[in-house]
Amino acid sequence: MLISFYEMIGEPIHILARPGDIAEKVIVAGDPGRVDYIAGMLEESRLVSSNRGLKTYTGNYKDQVVTVACHGIGGPSTAIVFEELRMLGAKVIVRLGTAGGLVRELNLGDIVIPNIACYYKGSGTISAYMPGLAPPTAPSYDVLEALVNEARNRVNRFSISPVVSSDAFYAEDEEFISQWVKVGATAVEMECATIFALGYLRRVKTGAVLIITDNLVDKSRMRAKEKITEWVKEAAEIVLEALRKIEA
């Protein structure tokens with residue numbers, strides 16, 4: 001396994017938590033406000049780090065200890081948080097995020113569970129780890145299975161499909177949409193490919209649940225802020241219950 005310079009130091013420099021502060025099972029999200037909300041669903045939740053705005057909480061959900069952490073936006077920030085969570089003991093990392101729909105069939109509030117995350121060849125963060133290689137960017141099967149089974153029990157509107165992880169939020173024009181829909185992607189976000197690739201490299205189980213908050217091919221279906229909290233609660237319940245069934 002590739003060992004980084006900073007890992008040889010043996011101490012994270014962004015998440016200022018100690019071994020024992022981070023649970024084996026972790027939910028990550030890009031929005032610090034979403035992290036606050038999910039942490040509020042835990043019992044005895046405590047803030048173990050807020051350095052650089054990367055809020056990290058650990059608490060209890062029923063019979064398990066869970067950490068909820070902010071990974072920021074995009075591959076580089078996500079990779080840092082992933083690496084440091086692993087240094088501190090994380091063994092399962094599940095992203096709970098938002099995405100934009102690339103197909104008309106996806107409505108606001110729908111849930112997409114990625115079975116693969118596509119990315120552009122030469123994507124910065126992944127290529128920095130594995131130059132010239134195309135690493136697997138799929139979730140761990142047992143995590144995917146647990147998330148899908150829990151979604152079936154809880155919601156009517158979800159799909160299992162490829163997504164694309166883009167490095168540029170404002171580059172999603174009509175050509176972008178057309179190219180990725182041709183190869184089967186149904187939604188776009190920014191972090192899943194990095195999380196899944198690092199999962200295989202670092203032997204960490206990974207998965208993701210994404211909430212559709214915009215539809216890029218139907219501009220009439222754009223972000224409804226008043227509904228996002230409701231959708232996050234629904235998705236968080238899926239992830240929290242699924243984590244109970246996953247062996248770390």
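The values are calculated or read from the model by the stated rules, or taken from the named source; none is laboratory data. Fair warning: this is a prediction, and the values are worked out from it, not measured in the lab. A quick note on method: Cβ atoms are made from the backbone with ideal geometry, for glycine too, and the neighbour counts reach across all protein chains shown.
The table that follows gives values for the structure above.
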{"read-out": "Candidate set from region 202-240 (those that are surrounded by fewer than 24 Cβ atoms within 10 Å (Cβ to Cβ), within 22 Å of GLY89 (Cβ to Cβ) and not aliphatic (A, V, I, L, M)); member that is nearest to the chain's Cα centre (by Cα)", "value": "LYS205"}
{"read-out": "Scan of region 80-100 for residues that are more than 11 Å from the chain's Cα centre (by Cα) and among the hydrophobic types (A, V, I, L, M, F, W, C), ordered by number", "value": "ILE80, VAL81, LEU85, MET87, LEU88, ALA90, VAL92"}
{"read-out": "Any chance PRO76 is farther than 19 Å from VAL209 by Cβ, surrounded by fewer than 16 Cβ atoms within 10 Å (Cβ to Cβ) and touching a Phe, Trp or Tyr at 6+ places or on another chain (Cβ under 8 Å)", "value": "no"}
{"read-out": "Residue check for ARG95: touching a residue at least 12 places away in the same chain (Cβ under 8 Å), under 22 Å from ASP214 (Cα atoms) and surrounded by fewer than 18 Cβ atoms within 10 Å (Cβ to Cβ)", "value": "no"}
{"read-out": "Identity of the residue in region 202-230, among the small types (Gly, Ala, Ser) and part of a loop (DSSP other than H, G, I, E, B), that ends up nearest to ASP36 (Cα to Cα)", "value": "ALA224"}
{"read-out": "Checking HIS71 against (1) more than 20 Å from GLU241 (Cβ to Cβ); (2) surrounded by fewer than 24 Cβ atoms within 10 Å (Cβ to Cβ); (3) not aromatic (Phe, Trp, Tyr), the condition it does not meet", "value": "(2)"}
{"read-out": "Region 106-145, residues that are hydrophobic (A, V, I, L, M, F, W, C) and out of contact with any strand residue (DSSP E or B) (no Cβ under 8 Å at 6 or more places or on another chain)", "value": "ILE126, ALA128, MET130, LEU133, ALA134"}
{"read-out": "Tally of residues being in contact with a helix residue (DSSP H, G or I) (Cβ under 7 Å, 6 or more places away or on another chain), in contact (Cβ under 8 Å) with a residue 60 or more places away in the chain and within 19 Å of LYS245 (Cβ to Cβ) across region 135-189", "value": "8"}
{"read-out": "Helices (runs of 4 or more DSSP H) enclosed by region 1-115 - at least 3 residues per element that are within 17 Å of ILE195 (Cα to Cα)", "value": "75-87"}
{"read-out": "Only listed residue being surrounded by fewer than 22 Cβ atoms within 10 Å (Cβ to Cβ), of a type in the set (D, E, K, R), more than 24 Å from THR137 (Cα to Cα) and at pLDDT 95 or above, chosen from ASP21, ASP31", "value": "ASP21"}
{"read-out": "Selected residue [touching a residue at least 60 places away in the same chain (Cβ under 8 Å), within 16 Å of the chain's Cα centre (by Cα) and more than 24 Å from LEU201 (Cα to Cα)] from VAL103, VAL112", "value": "VAL112"}
{"read-out": "Single match in LYS25, LYS62, LYS55 (criterion: of a type in the set (D, E, K, R), closer than 19 Å to GLU150 by Cβ and touching a helix residue (DSSP H, G or I) at 6+ places or on another chain (Cβ under 6 Å))", "value": "LYS25"}
